[in-house]
1. Could you state how much accessible area R120 has, in square angstrom rounded to the nearest 10, with a 1.4 Å probe and all protein chains kept in place?
2. Of T231, V182, P202, whose Cα points farthest to the positive end of the dipole of region 165-252 (charges on the beta-carbon: +1 Lys, Arg; -1 Asp, Glu; origin at the Cα centre)?
3. Filter K134/K189; K170/K225; K14/K189; K170/K245; K37/K134 down to the pairs with a C-alpha to C-alpha distance above 26 Å, please.
4. For the chain, what is the relative contact order in percent, using Cα pairs closer than 8 Å and at least 6 residues apart in sequence?
5. Take Y250, Y94 and sort them by solvent-accessible surface of the protein heavy atoms, 1.4 Å probe, largest at the top.
6. Between the alpha-carbon centers of region 192-252 and region 4-40, tell me the distance in whole angstrom.
7. Let's test the formula: R0 of 45 Å, r as the Cβ-Cβ distance of I32 and E167. What FRET efficiency results, to the nearest 0.05?
8. Once ligands and nucleic acids are excluded and a 1.4 Å probe is used, how much of K236 is accessible, expressed in Å² to the nearest 10?
Amino acid sequence: MTNLLNDDDILYLKSLIIEAGQVAHHHQNHDIIVEIKADHSPVTNVDKLVSEMIVEGLAKLTPNVLIISEEADLPDHGAACLWLVDPIDGTKSYIRGEDSYTVNIGLIENGIPVFGLIYRPSTKMLHYTDAHGKLKIEQDGVDITNEIIRKNKHILTAAVSSKAINELTKEFITQNNIEEIVHIPSSIKLCLVADGSVDLYPRFGETMEWDIAAGDALIRAAGGKIIDINTNEVMKYNKPGFLNKGFIAYGK
(Lines give C-alpha, C1' and ligand atoms only; values in the text may rest on other atoms or scores of the structure.)
Protein backbone atom coordinates (compact mmCIF):
# COMPACT_ATOMS: atom_id res chain seq x y z
CA MET A 1 0.00 0.00 0.00
CA THR A 2 1.23 3.52 -0.71
CA ASN A 3 3.08 5.28 2.09
CA LEU A 4 2.10 8.68 0.68
CA LEU A 5 -1.07 8.95 2.73
CA ASN A 6 -1.58 8.73 6.48
CA ASP A 7 -4.70 9.02 8.62
CA ASP A 8 -4.54 12.82 8.67
CA ASP A 9 -4.26 12.89 4.87
CA ILE A 10 -7.34 10.68 4.61
CA LEU A 11 -9.31 13.06 6.81
CA TYR A 12 -8.19 15.96 4.61
CA LEU A 13 -9.25 14.15 1.43
CA LYS A 14 -12.61 13.19 2.89
CA SER A 15 -13.25 16.81 3.83
CA LEU A 16 -12.14 17.96 0.37
CA ILE A 17 -14.39 15.63 -1.61
CA ILE A 18 -17.39 16.25 0.66
CA GLU A 19 -16.97 20.01 0.35
CA ALA A 20 -16.66 19.72 -3.44
CA GLY A 21 -19.72 17.48 -3.58
CA GLN A 22 -21.81 19.86 -1.53
CA VAL A 23 -20.82 22.73 -3.84
CA ALA A 24 -22.04 20.64 -6.78
CA HIS A 25 -25.26 19.85 -4.91
CA HIS A 26 -25.85 23.52 -4.06
CA HIS A 27 -25.42 24.68 -7.65
CA GLN A 28 -27.35 21.84 -9.34
CA ASN A 29 -30.56 23.76 -9.81
CA HIS A 30 -29.05 27.23 -9.93
CA ASP A 31 -27.06 29.01 -12.61
CA ILE A 32 -25.88 25.95 -14.55
CA ILE A 33 -24.23 26.81 -17.84
CA VAL A 34 -23.85 23.90 -20.26
CA GLU A 35 -21.23 23.66 -22.98
CA ILE A 36 -20.47 20.87 -25.46
CA LYS A 37 -16.91 19.57 -25.54
CA ALA A 38 -14.96 18.42 -28.59
CA ASP A 39 -16.04 14.82 -27.96
CA HIS A 40 -19.69 16.00 -28.04
CA SER A 41 -20.20 15.34 -24.31
CA PRO A 42 -21.64 18.07 -22.08
CA VAL A 43 -19.75 19.97 -19.41
CA THR A 44 -21.06 22.60 -17.02
CA ASN A 45 -19.55 25.53 -15.22
CA VAL A 46 -20.04 23.52 -12.03
CA ASP A 47 -17.89 20.64 -13.38
CA LYS A 48 -15.13 23.21 -13.86
CA LEU A 49 -15.64 24.80 -10.45
CA VAL A 50 -15.53 21.46 -8.65
CA SER A 51 -12.48 20.44 -10.69
CA GLU A 52 -10.64 23.60 -9.67
CA MET A 53 -11.51 23.03 -6.00
CA ILE A 54 -10.23 19.47 -6.00
CA VAL A 55 -7.09 20.18 -8.03
CA GLU A 56 -6.19 23.06 -5.71
CA GLY A 57 -6.81 20.91 -2.64
CA LEU A 58 -4.75 17.99 -3.94
CA ALA A 59 -1.90 20.32 -4.93
CA LYS A 60 -1.71 21.55 -1.32
CA LEU A 61 -1.65 17.99 0.03
CA THR A 62 0.80 16.47 -2.49
CA PRO A 63 2.54 19.31 -4.35
CA ASN A 64 4.88 16.95 -6.20
CA VAL A 65 2.21 14.58 -7.52
CA LEU A 66 0.74 15.08 -11.00
CA ILE A 67 -3.01 15.83 -11.01
CA ILE A 68 -5.14 14.88 -14.01
CA SER A 69 -8.75 16.04 -14.06
CA GLU A 70 -11.33 15.41 -16.75
CA GLU A 71 -11.99 19.13 -16.98
CA ALA A 72 -8.35 20.27 -17.22
CA ASP A 73 -5.79 20.13 -20.02
CA LEU A 74 -4.20 16.71 -20.31
CA PRO A 75 -0.42 16.24 -20.33
CA ASP A 76 1.25 14.22 -23.06
CA HIS A 77 1.78 11.41 -20.61
CA GLY A 78 1.40 10.68 -16.93
CA ALA A 79 3.92 10.07 -14.20
CA ALA A 80 4.64 7.07 -12.00
CA CYS A 81 2.36 8.60 -9.36
CA LEU A 82 -0.68 10.68 -10.24
CA TRP A 83 -4.15 11.68 -9.15
CA LEU A 84 -7.09 11.01 -11.48
CA VAL A 85 -10.11 13.23 -10.84
CA ASP A 86 -13.64 13.14 -12.24
CA PRO A 87 -15.27 16.19 -10.65
CA ILE A 88 -18.82 15.24 -11.65
CA ASP A 89 -19.32 11.73 -12.98
CA GLY A 90 -22.77 11.60 -14.52
CA THR A 91 -22.89 15.13 -15.90
CA LYS A 92 -25.93 14.35 -18.06
CA SER A 93 -27.82 13.17 -14.96
CA TYR A 94 -26.61 16.25 -13.11
CA ILE A 95 -27.92 18.55 -15.83
CA ARG A 96 -31.31 16.80 -15.73
CA GLY A 97 -31.53 17.50 -12.00
CA GLU A 98 -31.18 13.84 -11.02
CA ASP A 99 -29.34 12.62 -7.93
CA SER A 100 -27.15 9.84 -9.33
CA TYR A 101 -23.97 11.82 -10.01
CA THR A 102 -20.75 11.38 -8.02
CA VAL A 103 -17.43 13.06 -7.30
CA ASN A 104 -14.35 10.86 -7.82
CA ILE A 105 -10.71 11.02 -6.74
CA GLY A 106 -8.22 8.20 -7.34
CA LEU A 107 -4.50 7.87 -6.68
CA ILE A 108 -2.39 5.81 -9.12
CA GLU A 109 1.06 4.38 -8.41
CA ASN A 110 2.94 2.56 -11.15
CA GLY A 111 -0.25 1.93 -13.10
CA ILE A 112 -2.22 0.63 -10.10
CA PRO A 113 -5.05 2.44 -8.26
CA VAL A 114 -4.01 2.43 -4.61
CA PHE A 115 -6.47 4.87 -3.08
CA GLY A 116 -9.92 6.13 -4.01
CA LEU A 117 -12.89 8.17 -2.85
CA ILE A 118 -16.35 8.35 -4.39
CA TYR A 119 -18.89 10.73 -2.90
CA ARG A 120 -22.59 10.91 -3.78
CA PRO A 121 -23.77 14.35 -2.65
CA SER A 122 -27.50 13.62 -2.77
CA THR A 123 -27.24 10.84 -0.18
CA LYS A 124 -24.05 12.06 1.57
CA MET A 125 -22.64 8.58 0.96
CA LEU A 126 -18.86 8.26 0.85
CA HIS A 127 -16.96 5.14 -0.20
CA TYR A 128 -13.21 5.40 0.37
CA THR A 129 -10.05 3.48 1.15
CA ASP A 130 -8.41 4.19 4.47
CA ALA A 131 -4.68 4.56 5.12
CA HIS A 132 -4.42 0.78 5.53
CA GLY A 133 -6.02 0.00 2.19
CA LYS A 134 -9.36 -1.09 3.63
CA LEU A 135 -12.76 -0.22 2.16
CA LYS A 136 -14.76 2.14 4.33
CA ILE A 137 -18.29 3.49 3.85
CA GLU A 138 -19.73 6.53 5.60
CA GLN A 139 -23.04 8.34 5.34
CA ASP A 140 -23.16 11.90 6.63
CA GLY A 141 -20.01 11.24 8.63
CA VAL A 142 -21.21 8.00 10.26
CA ASP A 143 -19.33 4.76 9.56
CA ILE A 144 -21.83 2.28 8.09
CA THR A 145 -19.32 -0.13 6.55
CA ASN A 146 -20.57 -3.19 8.43
CA GLU A 147 -24.20 -2.33 7.71
CA ILE A 148 -23.73 -2.00 3.95
CA ILE A 149 -21.46 -4.82 2.87
CA ARG A 150 -23.61 -7.72 1.73
CA LYS A 151 -22.42 -11.11 2.91
CA ASN A 152 -24.96 -13.81 2.02
CA LYS A 153 -26.09 -13.83 -1.59
CA HIS A 154 -28.11 -16.49 -3.34
CA ILE A 155 -28.37 -15.07 -6.86
CA LEU A 156 -25.89 -13.51 -9.26
CA THR A 157 -26.45 -9.78 -9.73
CA ALA A 158 -24.99 -7.13 -12.06
CA ALA A 159 -25.04 -3.36 -12.36
CA VAL A 160 -25.40 -1.75 -15.77
CA SER A 161 -25.92 1.74 -17.12
CA SER A 162 -29.40 3.18 -16.85
CA LYS A 163 -29.52 3.63 -20.62
CA ALA A 164 -30.45 0.85 -23.05
CA ILE A 165 -28.35 -2.29 -22.68
CA ASN A 166 -26.29 -3.06 -25.78
CA GLU A 167 -26.19 -6.50 -27.39
CA LEU A 168 -22.80 -7.45 -25.91
CA THR A 169 -24.09 -6.72 -22.42
CA LYS A 170 -27.28 -8.70 -23.04
CA GLU A 171 -25.20 -11.63 -24.27
CA PHE A 172 -22.94 -11.45 -21.22
CA ILE A 173 -25.94 -11.41 -18.88
CA THR A 174 -27.47 -14.44 -20.59
CA GLN A 175 -24.26 -16.47 -20.80
CA ASN A 176 -23.47 -15.91 -17.12
CA ASN A 177 -26.97 -16.63 -15.82
CA ILE A 178 -27.25 -13.26 -14.12
CA GLU A 179 -30.64 -13.15 -12.42
CA GLU A 180 -30.85 -9.58 -11.14
CA ILE A 181 -29.95 -6.34 -12.95
CA VAL A 182 -29.50 -2.95 -11.29
CA HIS A 183 -29.77 0.01 -13.68
CA ILE A 184 -27.91 3.07 -12.44
CA PRO A 185 -25.59 5.65 -14.03
CA SER A 186 -22.17 6.95 -12.97
CA SER A 187 -19.54 5.36 -10.74
CA ILE A 188 -22.22 4.29 -8.27
CA LYS A 189 -22.02 0.97 -10.11
CA LEU A 190 -18.41 0.56 -9.00
CA CYS A 191 -19.39 1.34 -5.41
CA LEU A 192 -22.06 -1.36 -5.58
CA VAL A 193 -19.47 -3.91 -6.74
CA ALA A 194 -17.03 -2.84 -4.02
CA ASP A 195 -19.53 -3.08 -1.17
CA GLY A 196 -21.08 -6.32 -2.43
CA SER A 197 -24.49 -4.93 -3.37
CA VAL A 198 -23.93 -6.46 -6.82
CA ASP A 199 -21.49 -9.08 -8.06
CA LEU A 200 -20.55 -7.70 -11.47
CA TYR A 201 -20.40 -4.60 -13.64
CA PRO A 202 -19.77 -5.38 -17.32
CA ARG A 203 -18.84 -2.44 -19.54
CA PHE A 204 -18.54 -3.06 -23.28
CA GLY A 205 -17.55 0.39 -24.42
CA GLU A 206 -14.97 3.10 -23.94
CA THR A 207 -14.41 4.97 -20.69
CA MET A 208 -11.62 7.21 -19.49
CA GLU A 209 -9.30 6.27 -16.66
CA TRP A 210 -10.67 8.99 -14.36
CA ASP A 211 -14.13 7.44 -14.78
CA ILE A 212 -13.11 4.25 -12.97
CA ALA A 213 -9.81 4.82 -11.09
CA ALA A 214 -11.39 5.66 -7.73
CA GLY A 215 -13.91 2.83 -8.02
CA ASP A 216 -11.20 0.38 -9.03
CA ALA A 217 -9.26 1.26 -5.87
CA LEU A 218 -12.40 0.60 -3.82
CA ILE A 219 -13.03 -2.73 -5.53
CA ARG A 220 -9.44 -3.87 -5.02
CA ALA A 221 -9.61 -2.82 -1.37
CA ALA A 222 -12.64 -5.10 -0.99
CA GLY A 223 -10.94 -8.06 -2.69
CA GLY A 224 -12.32 -7.67 -6.22
CA LYS A 225 -10.84 -6.70 -9.58
CA ILE A 226 -11.50 -4.90 -12.83
CA ILE A 227 -10.38 -6.94 -15.83
CA ASP A 228 -9.53 -5.28 -19.15
CA ILE A 229 -11.51 -7.30 -21.72
CA ASN A 230 -8.92 -6.56 -24.41
CA THR A 231 -5.94 -7.94 -22.47
CA ASN A 232 -7.74 -10.29 -20.05
CA GLU A 233 -5.51 -8.79 -17.36
CA VAL A 234 -6.13 -6.53 -14.40
CA MET A 235 -6.82 -2.97 -15.57
CA LYS A 236 -3.72 -0.79 -15.87
CA TYR A 237 -3.62 3.00 -15.67
CA ASN A 238 -1.53 5.79 -17.13
CA LYS A 239 -2.14 4.36 -20.60
CA PRO A 240 -1.62 6.54 -23.71
CA GLY A 241 -4.58 8.90 -23.92
CA PHE A 242 -5.91 7.55 -20.57
CA LEU A 243 -8.47 5.46 -22.52
CA ASN A 244 -10.16 2.22 -21.44
CA LYS A 245 -11.85 0.07 -24.08
CA GLY A 246 -14.01 -2.21 -21.98
CA PHE A 247 -13.90 -4.16 -18.74
CA ILE A 248 -15.57 -6.53 -16.34
CA ALA A 249 -15.62 -5.43 -12.70
CA TYR A 250 -16.33 -8.08 -10.11
CA GLY A 251 -16.36 -8.28 -6.35
CA LYS A 252 -14.79 -10.62 -3.86
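The values are calculated or read from the model by the stated rules, or taken from the named source; none is laboratory data. Treat the numbers as computed from the prediction; the structure is a model and nothing was measured. Every residue, glycine as well, gets a Cβ built from its backbone with ideal geometry; the counts of neighbours run over all protein chains shown. SASA here: full protein model, heavy atoms, side chains in, ligands and nucleic acids out. Shrake-Rupley method; radii C 1.70, N 1.55, O 1.52, S 1.80 Å.
1. Solvent-accessible area, nearest 10 Å²: 50 Å².
2. T231
3. Values: K134/K189 19 Å; K170/K225 21 Å; K14/K189 20 Å; K170/K245 18 Å; K37/K134 37 Å.
Distance filter (> 26 Å) returns K37/K134.
4. On the way: 525 pairs, mean separation 42.5, N = 252.
Once normalised by length, the contact order is 17 percent.
5. On the way: Y250 75, Y94 0 Å².
Putting Y250, Y94 in descending order of accessible area: Y250, Y94.
6. Spelled out, the Cα-based centre of one part sits 22 Å from the other.
7. On the way: r = 34 Å, r/R0 = 0.77.
Here the calculated transfer efficiency is 0.85.
8. Looks like 110 Å² after rounding.
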